[in-house]
Structures are given as structure tokens and as C-alpha cells.
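Undergrad: Below are the C-alpha cells for one structure; questions will follow.
The values are calculated or read from the model by the stated rules, or taken from the named source; none is laboratory data. Being a predicted model, the structure only gives us computed values, none of them experimental. Backbone-built Cβ (ideal geometry, glycine too); neighbour counts: all protein chains shown.
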Amino acid sequence: MKTKKQNMEPTNFSIEGKVAVVTGGAGVLGSSIAESLLLKGVKVALVDIREDILNDKITQLEQAGTVKGFACNILDEASVKAVRKDVMDQFGRIDILLNIAGGNMPGATLTEDQTFFDMKMEDFKKVTDLNLNGTVLPSMIFGEEMAKSGSGSIINISSMATYSAITRVPGYSVAKTGINIFTQWLAMEMAMKFGDKIRVNAVAPGFFIGDQNRAVLINPDGSLTERSKKVIAKTPMKRFGDITELNGLVQFLCSDEASFITGAIIPVDGGFSAYSGV
């Protein structure tokens, strides 16, 4: 008689041998996810506009697996196409695209004393361009290789700012909300025109303390700012997330176990998006 364990079908969580392109790869989030993929046997093309920081990250990550760095402006079509050619020449295919390049900018974040009418349109345009167009263009160029091969997984980065209005970040909120509908639209387009083996999803991180938001969330003496206290009050788990807590979901979405998941925007937020605050 077979045991329960013997009757279980083999799982397809393995992503070993796949090739991933990670934009914004020299940043905290991009490099953390890249390292987690490398440790699972994925070959990683790390893409970033900051060549000096990129080279340092490559040196740090090489011990984890096969990783190559590619300097690129993700808002420049020729630059992205040149990287696609280099990636294909070195790795032969593209299985995964992680659109992580983005984030907010100081000029596009209102201070506590400012109102909407103090915001400069130039800063609004910069943050929407970086986040939204910085997701669309790589998806178009790297995703074309997936369309040719008939398989692949694209993962975009959404935000808690898309679930309800968060003060002081109008441009970032608009851009990330645009990424949500783009994720759903591209999921539909890929599945209907290029087959069910190409999936497009988004991860919506909750509140994690990183380089971009540290000054807003943490006082110089290490204590929580008033904004941080509001975040924690609306987070049922009563803490900030650790950047590594995104890795499991990303690895799952890259694997064949997620074969019927597309067009989803999945929060990793300690319950922030589910809680009304009451």
C-alpha cells in the first residue's frame, strides 16, 4: 500500500536553469530578489542605469550564482534593445522579467506643509515616467522574446498606494495604479495572442524600510516618525516587512506551480490592504 507521500504528485516549484532579467537590479529590492533567484539556480541579467553601483552588486552576487551586469536606461528604447541582444547572445533566452526599476523621488513627494498646488509638474512627470513607462518599455522589448518562445513570466511592482489614497505621493500613486491595469492588460494580451504559457502578474509590497523611504519613516535618532506610527497602526501584523519576505512569492510566480495565475496583483503587506483601520 502506497503512503500519502508516495501518492503525492511531484511539484514544479523549481526554477533552476531559467534566465531572468531584473531591471533596477542594483537597488535594494532588485538585488535582494536577484540573489534569491541566483540561490535557486536562476541565471540573472542585472540591469541598472548606475553602472558603478551595478558593478559593485555584481561582485557581491557572483558568489551566489551566474549573474551578468548590463548598464541600461530603461526609458530609452535603443538602450533596452541593445541589452536584449546582449542577454540573448550570452544566455540564449529570457524566461523571467522582473520590472523593479522605479520608486519615488524627493521632488515628487509633498512635504507635510505642502499641498497639491505646490507640486511641480516636472517632478510629477519624472516619477510617472520612471515607474509606468519604465515598466511598459522593458515589457515590450524583453517580452517580445517570450512571445517568440511561447513561454515566460513577467512580474511588475505595484504598491499599497494603489489600494487607497496615501497622503503626499500623488505621482507615485498614479504611476503604480497605471502599472496595475497595464499588468492586467498585458496578461490578457499575452494569453490570448501568444498562448497560456506566458503570464504577467504584479507584486504589491507593503511597507519596507529602504533607502528611498528611510528619512520619511525613521527619525535621525532611530525612532518612528508620525507617518510610521500611522502605517503600523493600520498593519495587523504591527511591524514593517523584511525585504526578503517578497522572495517567496516572486519565486512562486516564476515557477510552473503558478501556471494558471495571470493578471493578478498580489499584496505582501502584513494585512495593510485588508484592514480598514477600525
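Undergrad: Condition first: assigned to a loop (DSSP other than H, G, I, E, B) and either of a type in the set (Phe, Trp, Tyr) or surrounded by fewer than 17 Cβ atoms within 10 Å (Cβ to Cβ) (or both). Now tell me which residues in the range 235-262 satisfy that.
TA: Passing the criteria: PRO236, MET237, LYS238, ARG239, PHE240, ASP242, SER259, PHE260, ILE261.
Undergrad: Also, I was wondering about something else. Restricting the search to the range 57-69, which residues are touching a residue at least 24 places away in the same chain (Cβ under 8 Å) and of a type outside the set (Ser, Thr, Tyr)?
TA: Step one: list which residues in the range 57-69 are touching a residue at least 24 places away in the same chain (Cβ under 8 Å), which gives 57, 60-61, 64-69.
Correct list: LYS57, GLN60, LEU61, ALA64, GLY65, VAL67, LYS68, GLY69.
Undergrad: Now for a separate question. For GLY271, which of the numbered conditions (1) on the phi > 0 side of the Ramachandran plot; (2) in contact with a helix residue (DSSP H, G or I) (Cβ under 9 Å, 6 or more places away or on another chain); (3) at pLDDT 95 or above fails to hold?
TA: (2)
Undergrad: Okay, moving on. Given the conditions (1) at pLDDT 90 or above; (2) over 15 Å from the mean Cα position of the chain (by Cα); (3) not β-branched (Val, Ile, Thr), and given that PHE207 satisfies all but one, which numbered condition is not satisfied?
TA: Among (1) at pLDDT 90 or above; (2) over 15 Å from the mean Cα position of the chain (by Cα); (3) not β-branched (Val, Ile, Thr), the lone unmet condition for PHE207 is (2).
Results for (1) more than 20 Å from ASN131 (Cβ to Cβ); (2) assigned to a helix (DSSP H, G or I), shown as yes or no for each residue.
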residue	(1), (2)
TRP185	no, yes
MET192	yes, yes
ASP196	yes, no
GLN212	no, no
GLY222	yes, no
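Undergrad: Also: Considering only the range 162-173, state which residues are touching a Ser or Thr at 6+ places or on another chain (Cβ under 6 Å) and assigned to a helix (DSSP H, G or I).
TA: Correct list: THR162, GLY171.
Undergrad: Yes or no: GLY152 modelled with pLDDT of 95 or more, touching an Asp or Glu at 6+ places or on another chain (Cβ under 7 Å) and under 20 Å from ILE265 (Cβ atoms)?
TA: Here the answer is yes, as GLY152 does meet what is asked.
Undergrad: Return yes or no: is GLY178 in contact with a helix residue (DSSP H, G or I) (Cβ under 6 Å, 6 or more places away or on another chain), within 19 Å of GLY24 (Cα to Cα) and not polar (S, T, N, Q)?
TA: Yes; evaluated as a whole, the condition is true for this residue.
Undergrad: If you don't mind, there's one more thing I want to ask. In the range 224-234, what residues are in a loop (DSSP other than H, G, I, E, B) and either touching a Pro at 6+ places or on another chain (Cβ under 8 Å) or among the charged types (D, E, K, R) (or both)?
TA: LYS234
Undergrad: Still on this structure, please answer the following. Considering only residues that are assigned to a strand (DSSP E or B) and either among the polar types (S, T, N, Q) or over 11 Å from the mean Cα position of the chain (by Cα) (or both), look in the range 20-40 and name the one that is surrounded by the most Cβ atoms within 10 Å (Cβ to Cβ).
TA: THR23
Undergrad: Sort through ILE181, ILE198 and tell me the only one that's surrounded by fewer than 20 Cβ atoms within 10 Å (Cβ to Cβ) and either at pLDDT 95 or above or not basic (Lys, Arg) (or both).
TA: ILE181
Undergrad: Hey, could you check the range 70-82 for residues that are assigned to a helix (DSSP H, G or I) and free of Cβ contacts under 8 Å to residues at least 40 places away in the same chain and say which is surrounded by the most Cβ atoms within 10 Å (Cβ to Cβ)?
TA: Kept after step one, since they are assigned to a helix (DSSP H, G or I), are these residues of the range 70-82: 77-82.
Narrowing the set further to residues that are free of Cβ contacts under 8 Å to residues at least 40 places away in the same chain leaves 78-79, 82.
Working: ALA78: 8, SER79: 18, ALA82: 15.
It comes out as SER79.
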